[in-house]
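In what follows, a structure is listed as structure tokens, so that the remarks can point back to it.
Here, each number is a calculation from the coordinates, and none is a lab measurement. Predicted model, so just to flag it, every value in this text is computed and none were measured. Positions of Cβ are backbone-derived with ideal geometry, glycine not excepted, and every protein chain shown enters the neighbour counts.
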Amino acid sequence: MADDPRILVSTDWLEAHLNDPDLRVLDMSWYLPDAGRDPKAEYDAAHIPGARFVPIDEVSDLRSAIPHTAPPVEKFMSRMRKWGVGDGHQVVVYDGAGLFSAARLWWLFKLMGKQDVAVLDGGFAKWQAEGRPTEDMPPMMRDRHMTVSRQAHLLKDVTQVAQASKLGTHEILDARAPARFRGEAPEPRAGLRAGHIPGSRNIPYTSLLAEDGTMLPTPALRQVFADASVDLSKPVITTCGSGVTAAVINLALAQIGHDAHALYDGSWAEWGMYPDLKIETGE
């Protein structure tokens, strides 16, 4: 994999740049409740030197009834300022799962108009497995101004997704597990219907990853999309349960050079809640 500080970087790249004065490393670990893991406790025990911990609620809009939706610009700016992340910084985001929730923060930075941000390929699990340095103390942080320019085209709402589904103008790609996509497994959130958005295709986020949690090489990524009959001449809208793992598909699309992609922020937490929105089951 070629390192790209706007998309994906290796553990080798990050260790070589750890002492760069304008590098900021962010731990965006988050887990579903059934994982039985506490991301803040894990960060407190060990993290990449200089990393700041980013709780998912601190970069979400808590006024929304739908989980993990994008925060207002002002909230994002204030949190990043608090963590000393701002203009002129190269940001690297990682998580403890390998490549799971980190892609969500990468996408949020892109939504806010910041380009110099990459995901650490393989995350903290790979970093630790390779015996690279860790620490258990939080870094010293000084406020840093961040200029934000929200890129509204990177986010789709339920009306836009319903229109895309009806007219077939976009490829809608769902990152959930196949059983949830087909409507054979119950949704983790109570009160949601089972199934998927009509016309969408299933690209489980795990199908884009190797066994060690790193992203597949570019030719293999292209093959995953080809095997799912995805027409990459069309723009793409990604979706999942609550807009977190959908961003792994956005990251993969960026990696293969397909730039016309957006994320449906409400995802199934919204679509599955409203009985007037059509759903499909099966393949």
Using a ≥ b ≥ c from the Cα gyration tensor of segment 18-96 (square roots of the eigenvalues), is it rounded, prolate or oblate, where a/c under 1.5 gives rounded and otherwise the larger of a/b and b/c decides, a/b for prolate?
oblate
Percent RCO, i.e. relative contact order, over segment 153-271, from Cα pairs under 8 Å lying at least 6 residues apart
35
Cα-based reach from residue 156 at 22 Å (exclusive), listing lysines while leaving out same-chain residues under 8 positions away
75, 110, 114, 166, 234, 278
Kirkwood Rh (inverse of mean 1/r, distinct Cα pairs), segment 202-283, angstrom:
13.6
For segment 156-208 and segment 1-49, what is the separation of their Cα centres, given in Å?
29
Which angle between 0 and 90 degrees, to the nearest 10, do you get for helix 102-111 versus the longest principal axis of the chain when only C-alpha atoms count?
80
Here P(r) for segment 8-150, Cα-Cα distances in 5 Å bins, as whole percents, is 2, 10, 20, 25, 22, 14, 6, 1, 0
For segment 153-271, diffusion coefficient by Stokes-Einstein and Kirkwood Rh (Cα), 37 °C, 0.692 mPa s, µm²/s:
231
Sorted by packing (mean other beta-carbon atoms within 10 Å per residue), highest first, where do 185-192, 90-97 land?
90-97, 185-192
Using a/c under 1.5 as the rounded threshold, could you call segment 99-190 rounded, prolate or oblate? The axes a ≥ b ≥ c are square roots of the C-alpha gyration tensor eigenvalues, and prolate needs a/b larger than b/c, oblate otherwise.
oblate
Amide H of residue 29: which non-local residues (sequence gap of 5 or more, or other chain) have their own amide H closer than 5 Å, using H built in the peptide plane?
54, 96
The chain: equivalent-ellipsoid semi-axes (sqrt of 5 x gyration tensor eigenvalues, Cα, Å):
30, 20, 18
Span per principal axis, largest first, for the Cα atoms of segment 102-144 (Å):
34, 27, 14
Per-residue counts of other Cβ atoms within 10 Å, averaged by peptide: what ranking do you get for 100-106, 60-66, highest first?
100-106, 60-66
So which trypsin sites (Lys or Arg not before Pro) in segment 117-148 pass both tests, a DSSP loop state and at most 15 other Cβ atoms within 10 Å of the Cβ?
142
Within segment 89-189, DSSP-loop GluC sites (Glu not before Pro) with at most 16 other C-beta atoms within 10 Å are 130, 184
In terms of modelled amide H atoms, which long-range or inter-chain residues lie less than 5 Å from the amide H of residue 24?
90, 91, 92
Would you mind putting 219-226, 22-29 in packing order, based on average other-beta-carbon counts within 10 Å, highest first?
22-29, 219-226
